[in-house]
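A.B. asks: Take this structure, written in C-alpha cells, and hold onto it; I'll ask about it next.
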Amino acid sequence: MPETNQGRIVGVNGNMITVKFDTFVTQNEVAYAILGDKRLKCEVIRVRGSNADLQVFESTNGLTVGDIVSFTGELLSVELGPGLLTMVYDGLQNPLDQLAKKSGFFLERGVYLPALDQNAKWDFTPSVKADDSISAGDYLGSVPEGIYTHYICAPFDLQGTWKIESISPAGSYTIKDKIASVKSEKGNVRELTMSQKWPVKIPIKCYREKLLPEKTLITQQRIIDTFFPVAVGGTFCTPGPFGAGKTVLQHAISQHAQTDVVIVCACGERAGEVVEILKEYPHLEDPRTGRSLMERSIIICNTSSMPVAAREASVYTAITLAEYYRQMGLNALLLADSTSRWAQALREMSGRLEEIPGEEGFPAYLESLIASFYERAGLVKLNNGKLGSVTVGGAVSPAGGNFEEPVTQATLKVVGCFLGLSKQRADSRRFPSIHPLESWSHYTSLVDKEDIAKARKMLRRGMEVNQMMNVVGEEGTSTDDYVIYLKSEFLDSVYLQQNTFDPVDGASDADRQIHVFKKTIFVLDSKFSFKAKEDARQFFMGLRQMFIDWNYLKFGSDKFKYQEDHINSRLKELANA
Amino acid sequence: MRKVYHKIIQVSGNVISVEAEGVSYNELAEVSTKRGVSLAQVIRLSENKVYLQVFAGSRGVSTNDEVRFLGKSMQISSSQNLLGRIFNGAGVPRDNRPAIKEDMIEIGGPSVNPSKRIIPKRMVKTNIPMIDLFNSLVVSQKIPIFSVAGEPYNELLARIAMQAEVDVIVLGGMGLKYDDYLVFRDTLEKHGALTRTVMFMHTASDPVVECLLVPDVALAVSEAYALEGKDVLVLLTDMTNYSDSLKEIAITMEQIPSNRGYPGDLYSQLAARYEKAVDFDGAGSITVLTVTTMPGDDVTHPVPDNTGYITEGQFYLKNGRIEPFGSLSRLKQQVNGDTRKDHRAIMDTMIRLYANYKETCEKQSMGFSMSQWDNKLLKYGVLFEQRMMDLSVNIPLEESLNIGWKTLAECFDKAETGIKTDMLNEFWPKSETTA
Ligand SMILES: Nc1ncnc2c1ncn2[C@@H]1O[C@H](COP(=O)(O)OP(=O)(O)OP(=O)(O)O)[C@@H](O)[C@H]1O
Ligand SMILES: [Mg+2]
C-alpha cells in the first residue's frame, strides 16, 4: 500500500536526502518528500540498513530532519502512447508548455503534470480480435499520429502469452479509455489502454534479434556521410572543447538527418539553445514529408540550471522514448547534448554518497554506465519481422578540451564512430570543425572505400607539406609538393567544409555527395603541370571558387549543370595546356 | 522567537556545526561572537547535527557563542529604493544609510521555464568597435571578459555599463580591490548613472565566504526588476574569486574535488547563476556581463573552462585590447544582420585580413622575404590595431564601419578584399586613392 510505506528524513546534503524507512524500499523506486503542501519527487539510489539515500529532483531548500517521505513502490518511469511527437518535456517528462500555463515564468518545484494529453481523442483501428494470442510488444491496433501510424503495443512487461478477451471496435478514444482486456494462461486479467508506463533505466527489448548496423544514416553533412559515416542503428560521439561547434552540428543533424523520429535531449546545456529549437523548428519544413520539422521531433530539455538529478534522468527518458518508436518499426535518432553533463550529475551524486572516486572524481562505474547507455542503441528485427532502429549521438564536453579525460575515453570505447571537433579548425572558421585526420568510423560510407583512402592520404600529405613549408618557407618547397598541399586544401574547402546555415549547401543528400565527390576525386587524381607555384595557386584558387559556387546551386538544376560544364571545360583546358 | 543554541561542537574552516532540532536546509542563522554578528547558512543536515557556513568567517568563533536560527532562507529587498544604494553581500548597507526591508524576496529562485524565453534580437551598443562590429553584445546575453589579473577589465566593464542603454545596472563585486570599488562608484557618479544602479560589494578585505552571496542577491534583485519590464544589466566581477570561495567551502566539507581542487559541481553552480540571463516573453530582460580572471592566462584552468562551456562566448582582453581571436559572441548573428547591410561583410573581411597579417608577421620574424602582398598586410595590421582594437576608440557602429572601408581602401585594391562586387560598388570610398 503505497501511501502507508513511509519514512522520515534524517539527513540533507545538497540534492541528496537520507531517509529512515519503516518497512521496505526498492532500489530506484520513486518517493515524494513532503514539504508543506508540496511533494518533491525523489529516487532511491542506495539502501543501507534501515536508511535509504534518495536523490531529489528538485531544490531541497527548506527540508528538515523529521519530514515525511512517502514511497510509491514504482520505478522512475515515462508514459508511452500517442501524442509524444512535437512535445517539449523536462527530464522527468513534464510538458513545459503546460507547466508554463500553470506556473508562469518559473519552474515551480513540486508541480508535475501528465506527459500526454489525457483528453485528446485518437482514431483507433484494432488489428487483433478476441481469442488472438499476443505477447509483450505485439500490436493491438493503431492510431494516426501526425505523419506516422502509431502502433498501440501490448504492454512491454507482459510475461508469456496472453489471450485477447475483448478489443474495442474502431473508433475515437482517449489514452485513458480501455481498449482491450487480456487474459494470461494462469487466468489473470489485465485491462489495457492506449498508453503504458515503462521504467526509464530498463531497456525495452521486445524484439527478436539485434542486427549489425550496415546502412549509412544520411545526415547530409558531407564530411560525415562520406568520410566518417554514422549507421542506422549505430552510435557516434562528438567531443570538442567549448565553442568548437558541437551544438550547431547536432542541430544541423537533427534538421537534416534522413530518419523518422528525432529526439533532442538538451542535457545540462544552455536554455537559449533550446529556445532556438522551440521557436524555429515549427517553421522549418522537413523536405521528406513536407510538414514541419516539429512533427517528427520530441525535445527533452533539462538545461544547466534545472535540477541536477533530473538531468541524470533526462538521457534515460530520451532513450526510452526512442526505443518506444523503434518498437513501431521506425528509425529513431537520439541526439544528446551533452553527455558530459550527465556524467557530471553522476559525479555530484557519487560524491554525496561518499563513494571512492575514480579519475577526476568520477565514479568508478562511469564506464559501465556509459557503455550500457550506448548499448541501448541498435538496429533490431521486431517479433513481427519489421526492422526498427535507435541511433544515438552524444556530444562530449571534455574539461580543458583534453580528450584524455574519463568521459571521452569511456565513450570512445563503445561508440562506432568518433567525430572529434577541433578548436583549431573552429578558430579558422573551417566548419563543421570535425578533424579529418583524427576522427574515425567503423561504419560503411556512401562512396567507394579506395577513393576515401586516396582522399585521406592527400589530406595527410598536404598537412605534412604545410608543416614543412612553415619551416623552410614556400621558396624551399618543390612545386610537386606544393601542388599536393594545394590539392589537400582544395578538398578541405570544397568538400569537408560546408556552410551549415545555407539552405542548399547546408544539406547535401546522398546522390549529390556521390556525384560531387567523384568530381573532387577526379581533381585530386589529375596530374597538372604548372610552370610556377604562383600559377598553381591561381589555378586552384579559381577552381575552388567554381566548386564553392557549385555547392550553392540546387542539385540537378540547370544552373548546377551549367556550372558543372564550366568546371569540366576549365579542367580540360589545363589538361590540354 | 526561534530557539537559540549555545553549544558549537565543531569549527573547521569557515564551517561550524551545532546540535539543533527543527532546522531546515539552507536556513539562515545569526552567529554572535565577540567580533559581532554574522549571517550563516545551513549547508548540511545529518541527524541532529547542523553544519553552517559562516559568511563573516569562523575566525574568533568560540564554542559557547550564540547561534540563533532565523526560520527562513536568505532574502533581499526588491524595492525600487535600492537604486542608488550600496550594500554588502548580505544586503547590509555600506553607505551609512538605513537598511531596506520592504518587498523581500528569496534569493536563488527556480529556473525560468524555457518556453517562456524568447530568442534574443536586440543589440546592446557599446561604441567599442571590437564589440559592436566584430562581436556584438546582445540583450540577455551572458558573457565574461577573460583576462589575466592586472588588465583593465573593470574599466572595460564600467565603460560598457555607461554606454549601454539599459534601465537598471546591478553591480556585484567579489573580492574587489577597494580602489576598483571606488573607481566604479566614481565612474557611475560622474555619468549620472548612480541613480539607476544598485551595488552589492564584497571587497578583498571582507571575509572570503561573504562573496558567495553576491551573485545570488544581485541576480534576485535583477530578476524582480526584469519581471517589472525593465532591461537590467548585471555586472559581476570577479567570478574567479567566487569560484575560489566555492572551492574553499567544498574542501572544508571534505567533498571530493574534480579538477585542481575545485568541486565537481562547479559547472552547475556557475550555470545556475549565468542562466539567470534571460529575455522574458512578456517582461524585461537580464544581460550578464562578468569578469573571469585566468590564472596564468590559461583558458583550460577549471574556472574559465567551465565558464566557457556555460556562457554565450567571451571577450578576451589581453595587453589592454580585446583580441579578435579568442573572443566570440555566440549571439552576434542574431543582430548583425539587421544593422547595416555591410556589417557582416566588413566583419568577415577585416578579421580574415587581420589573420593574414598575423601570418605575415610570423613569416617576417622567421626572416622570409616579404612580398608586395605581405607589405600591404603589414600596413593594414598596424592600422587595424590603431583604429579598431585600441580601447580608447569610442565610436558608434556606423562610424566604425566607415572607418573599416577607409582602412581597406588605404591598403588594398577592391578585388583583393574578396568582397562581393555590388557591396564594393556601394560602399568603397570614392575619394580615396587606392593603394
Ligand atoms: N557549422 C558552423 N558554421 C558557422 N559557425 C559555426 C558552426 N559551428 C559553430 N559555429 C560558431 O561557433 C559557435 C559555437 O558553436 P557551438 O555552440 O556549437 O559550440 P559548442 O561546441 O556546442 O560549445 P559548448 O561546449 O560551449 O556548448 C557558434 O555560436 C558559431 O558562432
Ligand atoms: Mg554546445
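The values are calculated or read from the model by the stated rules, or taken from the named source; none is laboratory data. Fair warning: this is a prediction, and the values are worked out from it, not measured in the lab. Don't worry about glycine lacking a Cβ; one is built from the backbone with ideal geometry, like all the others, and counts go over all protein chains shown. For the accessible areas, the whole protein counts, side chains as well, though only heavy atoms, and no ligand, DNA or RNA atoms are used. Shrake-Rupley method; radii C 1.70, N 1.55, O 1.52, S 1.80 Å.
A.B. asks: For the protein assembly as shown, with all protein chains present and a 1.4 Å probe, just round the carbon and sulfur fraction of the accessible area to a whole percent. Could you put the intermediate results ahead of the total?
C.D. replies: Details: 19650 of 39880 Å².
Roughly 49 percent, rounded to a whole number.
A.B. asks: Starting from the range A:98-189, pick out the trypsin sites (Lys or Arg not before Pro) whose DSSP state is loop and whose Cβ has at most 11 other Cβ atoms within 10 Å.
C.D. replies: Working: sites: A:LYS101, A:LYS102, A:ARG109, A:LYS121, A:LYS129, A:LYS163, A:LYS176, A:LYS178, A:LYS183, A:LYS186; in loops: A:ARG109, A:LYS121, A:LYS129, A:LYS176, A:LYS178, A:LYS186.
Sparse-neighbourhood loop trypsin sites (Lys or Arg not before Pro): A:LYS129, A:LYS186.
A.B. asks: Sticking with this structure for a sec: About its Cα centre, how strong a charge dipole does the range A:44-112 have in debye, to the nearest 20, once Lys and Arg get +1 and Asp and Glu get -1 at the Cβ? Please list the in-between numbers first.
C.D. replies: Values: 5 positive and 8 negative charges, 16 e Å.
About 80 debye.
A.B. asks: Positive end of the charge dipole of the protein assembly as shown (Lys, Arg +1 and Asp, Glu -1 on Cβ, about the Cα centre): tell me which of B:ILE16, B:VAL291, A:GLN409 has its Cα farthest that way.
C.D. replies: Working it through, the farthest residue towards the positive pole turns out to be A:GLN409.
A.B. asks: Also, quick follow-up: May I ask you to find the residues of the range A:294-321 that are shielded by at least 30 Å² of accessible area once the whole protein assembly is considered instead of their isolated chain (probe 1.4 Å)?
C.D. replies: A:SER304, A:SER305
A.B. asks: When every alpha-carbon pair in the range B:4-73 is counted, what percent end up more than 21 Å apart?
C.D. replies: Details: 218 of 2415 pairs.
Beyond 21 Å sits 9 percent of the P(r) for the range B:4-73.
A.B. asks: Find the Cα radius of gyration of the range A:461-506, compare it with 2.2 N^0.38 Å by division, and give the number to two decimals.
C.D. replies: On the way: Rg = 13.8 Å, N = 46, 2.2 N^0.38 = 9.4 Å.
The range A:461-506 yields a ratio of 1.47.
A.B. asks: Could I ask something else about it? Ballpark to the nearest 100 Å², how much total accessible area do B and A bury together, probe 1.4 Å?
C.D. replies: Rounded to the nearest hundred, the buried surface is 4800 Å².
A.B. asks: Oh, and also: Over the Cα atoms of chain A, what radius of gyration and what Dmax do you get, in Å?
C.D. replies: 27.2, 91
A.B. asks: While we're here: Quick one: Karplus J couplings for the range B:134-149, per residue in order, coefficients 6.51, -1.76, 1.60, θ = phi - 60°, nearest Hz, x for Gly and Pro?
C.D. replies: Going residue by residue, I get 9, 9, 4, 8, 10, 3, 6, 6, 10, 8, x, 9, 8, 6, 8, 4 Hz, with x marking Gly and Pro.
A.B. asks: Per residue of the range B:261-267, what does 6.51 cos²θ - 1.76 cosθ + 1.60 with θ = phi - 60° give for ³J(HN,Hα)? Whole Hz please, x for Gly and Pro, Karplus curve as stated.
C.D. replies: x, 6, x, x, 9, 4, 4
A.B. asks: Using a 1.4 Å probe on the protein heavy atoms only, what accessible surface does A:HIS283 show? Give it in Å² to the nearest 10.
C.D. replies: Per-residue accessible area (A:HIS283): approximately 150 Å².
A.B. asks: Anything losing 40 Å² or more of accessible area from the isolated chain to the full protein assembly: pick those residues out of the range B:118-150, probe 1.4 Å, ligands and DNA/RNA ignored.
C.D. replies: Listed by number, the residues meeting the 40 Å² cut-off are B:ILE119.
A.B. asks: Starting from the Cα coordinates of the range A:5-74, work out the convex hull volume and express it per residue in Å³.
C.D. replies: Numbers: hull volume 5.0 nm³, N = 70.
Hull volume over Cα atoms, normalised by residue count, gives 72 Å³.
A.B. asks: Within a 10 angstrom radius of each residue's Cβ in A:264-277, how many Cβ atoms of other chains show up on average? Whole number is fine.
C.D. replies: Details: counts 0, 0, 1, 0, 5, 3, 11, 11, 16, 3, 3, 10, 3, 1.
Mean partner-chain Cβ count within 10 Å for A:264-277: 5.
A.B. asks: Given contacts defined as C-alpha pairs under 8 Å and at least six residues apart, what's the relative contact order of the range B:343-413, whole-number percent?
C.D. replies: Working: 36 pairs, mean separation 27.9, N = 71.
Over the range B:343-413, the number comes to 39 percent.
A.B. asks: Taking the Cα centre of chain B as origin, work out the dipole magnitude from +1 charges on Lys and Arg Cβ and -1 charges on Asp and Glu Cβ, in debye rounded to 20. Can you show the working numbers first?
C.D. replies: Details: 47 positive and 55 negative charges, 60 e Å.
Computed charge dipole of chain B: roughly 280 debye.
A.B. asks: Counting other C-beta atoms within 10 Å, and keeping those with at most 14, which DSSP coil GluC sites (Glu not before Pro) do you find in the range A:367-426? It would help to have the intermediate numbers written out before the result.
C.D. replies: On the way: sites: A:GLU367, A:GLU375, A:GLU404; in loops: A:GLU375, A:GLU404.
Here the GluC sites (Glu not before Pro) that fit, given the DSSP loop and packing criteria, are A:GLU375, A:GLU404.
A.B. asks: Using Cα-Cα distances under 8 Å and only pairs 6 or more residues apart, what relative contact order does the range A:207-441 have, in percent? Numbers along the way, then the final one.
C.D. replies: On the way: 490 pairs, mean separation 74.7, N = 235.
Once normalised by length, the contact order is 32 percent.
A.B. asks: Which residue, chosen from B:ILE346, B:ASN394, B:LEU377, occupies the Cα position most advanced towards the positive end of the dipole of the range B:343-427, where the dipole is computed from +1 (Lys, Arg) and -1 (Asp, Glu) charges on Cβ about the Cα centre?
C.D. replies: The listed residue farthest towards the positive side: B:LEU377.
A.B. asks: Which value, in Å³ per residue, describes the convex hull spanned by the Cα atoms of chain B? Provide the component values of the computation, followed by the final result.
C.D. replies: Numbers: hull volume 68.4 nm³, N = 435.
Cα-based convex hull of chain B, divided per residue, equals 157 Å³.
A.B. asks: Turning to a different aspect of this structure: Could you work out the Kirkwood radius for the protein assembly as shown, taking every pair of different alpha carbons, averaging 1/r and inverting it, reported in Å?
C.D. replies: Details: mean 1/r = 0.0322 Å⁻¹.
When all Cα pairs of the protein assembly as shown are included, the Kirkwood radius is 31.1 Å.
A.B. asks: Hey, what's the Kirkwood Rh for the range A:207-441 if you take every pair of different alpha carbons, in angstrom?
C.D. replies: Working: mean 1/r = 0.0560 Å⁻¹.
It is 17.9 Å.
A.B. asks: Related question: Using DSSP, restrict attention to beta bridges with both residues in the protein assembly as shown and report what percent are antiparallel, rounded to the nearest 5. Working shown, then result.
C.D. replies: Working: 120 of 177 bridges.
Just about 70 percent of them are antiparallel.
A.B. asks: Å³ per residue of the Cα convex hull, for the range B:343-427?
C.D. replies: Working: hull volume 7.3 nm³, N = 85.
Dividing the Cα hull volume of the range B:343-427 by its residue count gives 85 Å³.
A.B. asks: Taking only Cα atoms, what is the 0 to 90° angle, nearest 10, from helix B:397-411's long axis to the longest principal axis of chain B?
C.D. replies: Around 40 degrees separate the two axes.
A.B. asks: Something else about it: Got a sec to turn the phi values of the range B:350-356 into Karplus ³J(HN,Hα) couplings, 6.51 cos²θ - 1.76 cosθ + 1.60 with θ = phi - 60°, whole Hz, x for Gly and Pro?
C.D. replies: With coefficients 6.51, -1.76 and 1.60, one gets 5, 5, 4, 5, 5, 5, 4 Hz.
A.B. asks: Using the alpha-carbon centroid of each, what span in Å lies between the range B:165-192 and the range A:462-496?
C.D. replies: Here the two parts' Cα centres lie 52 Å apart.
A.B. asks: State, as an integer percentage, the relative contact order of the range B:4-73 based on alpha-carbon contacts under 8 Å between residues 6 or more apart. Mind dumping the intermediate values first?
C.D. replies: On the way: 169 pairs, mean separation 29.4, N = 70.
Taking the mean separation of contacting Cα pairs over the length of the range B:4-73, I get 42 percent.
A.B. asks: Let me ask you something else. I'd like the mean, over residues of B:264-275, of how many other protein chain beta carbons sit within 10 Å of each residue's own Cβ. The partial results should precede the final answer.
C.D. replies: Details: counts 13, 9, 1, 11, 13, 0, 2, 10, 5, 1, 3, 7.
Across B:264-275, the average partner-chain Cβ count within 10 Å equals 6.
A.B. asks: The range B:30-71 to the range A:363-384: how many Å between their Cα centroids?
C.D. replies: After rounding, the separation between the Cα centres reads 48 Å.
A.B. asks: So, how do all the Cα-to-Cα distances of the range A:109-191 break down into 5 Å bins, in percent, from 0 on up?
C.D. replies: 3, 14, 23, 23, 16, 11, 6, 3, 1, 0
A.B. asks: Toward the positive end of the charge dipole of the protein assembly as shown, about the Cα centre and with charges on Cβ (Lys, Arg +1; Asp, Glu -1), which of B:HIS301, B:MET201, A:THR520 goes farthest?
C.D. replies: Selected residue: A:THR520.
A.B. asks: Treating each Cα of the range B:218-374 as an identical point scatterer and ignoring solvent, apply the Debye formula and state log10 I(q)/I(0) at q = 0.09, 0.11, 0.12, 0.18 Å⁻¹.
C.D. replies: Computed log10 I(q)/I(0) values: -0.45, -0.64, -0.73, -1.18.
A.B. asks: Take the alpha-carbon positions of the range A:449-576, form their convex hull, and give its projected area averaged over all directions (one quarter of the hull surface) in nm². Provide the component values of the computation, followed by the final result.
C.D. replies: Numbers: hull surface 32.5 nm².
Over every viewing direction, the Cα hull of the range A:449-576 projects on average to 8.1 nm².
A.B. asks: Counting each DSSP H run of 4 or more residues in chain A as -39500 (n - 2.57), what helix-only mean residue ellipticity at 222 nm follows after dividing by all residues, to the nearest 500 deg cm²/dmol?
C.D. replies: Values: 13 runs with 176 residues, N = 577.
It lands at -10000 deg cm²/dmol.
A.B. asks: Within chain B, what percent of beta bridges assigned by DSSP are antiparallel, to the nearest 5? Please list the in-between numbers first.
C.D. replies: Details: 43 of 73 bridges.
Around 60 percent of the beta bridges assigned by DSSP in chain B are antiparallel ones.
A.B. asks: Now for a different question. If you put +1 on each Lys and Arg Cβ and -1 on each Asp and Glu Cβ, how big is the dipole of the protein assembly as shown around its Cα centre, in Debye rounded to 20?
C.D. replies: On the way: 111 positive and 126 negative charges, 141 e Å.
Its charge dipole is roughly 680 debye.
A.B. asks: Separate question: Whole Å is fine, so just give me how far the alpha carbon centre of the range A:157-200 lies from that of the range A:524-571.
C.D. replies: Cα centres, the range A:157-200 to the range A:524-571: 63 Å.
A.B. asks: Rounded to the nearest 500, what is the 222 nm mean residue ellipticity of chain B from helices alone, with -39500 (n - 2.57) per DSSP H run of 4+ residues and division by all residues? Don't skip to the end; give the middle numbers.
C.D. replies: Numbers: 12 runs with 136 residues, N = 435.
One gets -9500 deg cm²/dmol as the mean residue ellipticity at 222 nm.
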